[in-house]
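Here's the structure we're looking at; comments come further down.
The values are calculated or read from the model by the stated rules, or taken from the named source; none is laboratory data. Owing to the predicted nature of the structure, the values given are computational and were not obtained by experimental measurement. All Cβ positions, even for glycine, are placed from backbone atoms using ideal geometry, and neighbour counts span all protein chains on display. Remember, those area values only see protein heavy atoms, side chains included, never the ligands or the DNA or RNA. Shrake-Rupley method; radii C 1.70, N 1.55, O 1.52, S 1.80 Å.
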Amino acid sequence: METLLPVGDVELCVDTAGLPTEIPVLLIGTTIATWDDEFVERLTGRFVIRYDLRDAGRSTTVDPDSPGYTLRDLVADAVGVLDGLGISRAHIVGMATGGFIAQLLALDHPSRVASLVLVGTRPVAPGPVDDDLPEHSPAIFAHFGSARPVDWTDRSSILDGAVTAARVFSGSPHFDAAEARAHAAHVLDRSGPHPASARSGLLSTVFSKLDCSPRWRERLREITARTLVVHGAADPFFPVGNAKALAEEIPGATLLVVDGVGAELPSRAHAEVATAVLAHTAP
């Protein structure tokens, strides 16, 4: 069920599934559509919460190309979602750049985090990585340097471009183009009216324009929440060495590497990842 929830000076579109009396799990991606419905349905016995970030989906959209807020404001928004739903403590699952929000939520609001799951993310913000972390693969750089321009006013062009990018980000021979196109169409259909909203939802471009300082990697050992790190073995965007660093630097963290998966959460990985999340969030 979707609703618009006032959080500070914005309205965030929030979707919930399950019963409020069940174990609360907050999924943080760029949009509600980051998390496929079929994956959410596998999280049985959980009160699952998804939401659109600012400048994405059906939440307040001002200008994704020039956001007037910081990464820490997005962390405050996540706290605001929990407050608005009357939830004092939840299990937090952050995917990709949503994993930045999840890490900072565990660091700066530890009393609100029952446990932490980090999916396909890394311990540093957008920009140059630390010397000991693997950078984007050559295929990613080649894609950004040679991809055909997308006409963001044309649906077919947008979806064609999304599938091309998803294929590169998958890095896997098991890539399903039809599934990627359907997923992109769902994200696009939920995009806000601003011309850049689709780019924000499909490519998480807003993160590259945010002030993400100060660094938080040096604080990872302060995380007290029980942590599971999930990562695709074939991820070319945040290669798996980033996940290994997270698992090594967060006390007691467990690492699950999913074979045949890249920077994505495709249907072929839903069962394995959902089972791991259920086990991790069990009472």
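Kindly evaluate Leu5 against the criterion of being in contact with a strand residue (DSSP E or B) (Cβ under 9 Å, 6 or more places away or on another chain), touching a residue at least 40 places away in the same chain (Cβ under 8 Å) and open to solvent by 10 Å² or more (accessible area, probe 1.4 Å). The answer is yes for Leu5.
When restricted to residues that are open to solvent by 10 Å² or more (accessible area, probe 1.4 Å), within 17 Å of His91 (Cα to Cα) and among the polar types (S, T, N, Q), the range 255-283 contains 1.
Scanning the range 136-147 for residues that are touching a residue at least 40 places away in the same chain (Cβ under 8 Å) and not in a helix (DSSP H, G or I) turns up His136, Ser137.
Listed by first and then second residue, the pairs linking a residue in the range 255-283 that is at pLDDT below 95 to a residue that is surrounded by fewer than 14 Cβ atoms within 10 Å (Cβ to Cβ), with Cβ atoms under 8 Å apart and 6 or more places separating them unless they lie on different chains, form an empty list. Scanning the range 1-54 for residues that are among the polar types (S, T, N, Q) and touching a Leu at 6+ places or on another chain (Cβ under 8 Å) returns Thr16, Thr30, Thr31, Thr34, Thr44. In the range 59-89, of all residues being touching a helix residue (DSSP H, G or I) at 6+ places or on another chain (Cβ under 8 Å) and not in a helix (DSSP H, G or I), the one that is least open to solvent (accessible area, probe 1.4 Å) corresponds to Pro64. Condition (residue is aliphatic (A, V, I, L, M), in a loop (DSSP other than H, G, I, E, B) and in contact with a helix residue (DSSP H, G or I) (Cβ under 7 Å, 6 or more places away or on another chain)) applied to the range 36-50: is it met by at least one residue? So far as the range 36-50 goes, yes, one or more of its residues are aliphatic (A, V, I, L, M), in a loop (DSSP other than H, G, I, E, B) and in contact with a helix residue (DSSP H, G or I) (Cβ under 7 Å, 6 or more places away or on another chain). Residues that are in a helix (DSSP H, G or I) and either open to solvent by 30 Å² or more (accessible area, probe 1.4 Å) or charged (D, E, K, R) (or both) within the range 206-254 comprise Ser208, Lys209, Arg217, Glu218, Arg219, Arg221, Glu222, Lys244, Glu248, Glu249, listed in sequence order.
Inclusion of Ala198 among residues that are open to solvent by less than 50 Å² (accessible area, probe 1.4 Å), touching a Leu at 6+ places or on another chain (Cβ under 8 Å), hydrophobic (A, V, I, L, M, F, W, C) and modelled with pLDDT of 95 or more is not warranted. Among the conditions (1) closer than 20 Å to Asp189 by Cα; (2) at pLDDT below 95, the only one that Gly68 does not satisfy is (1).
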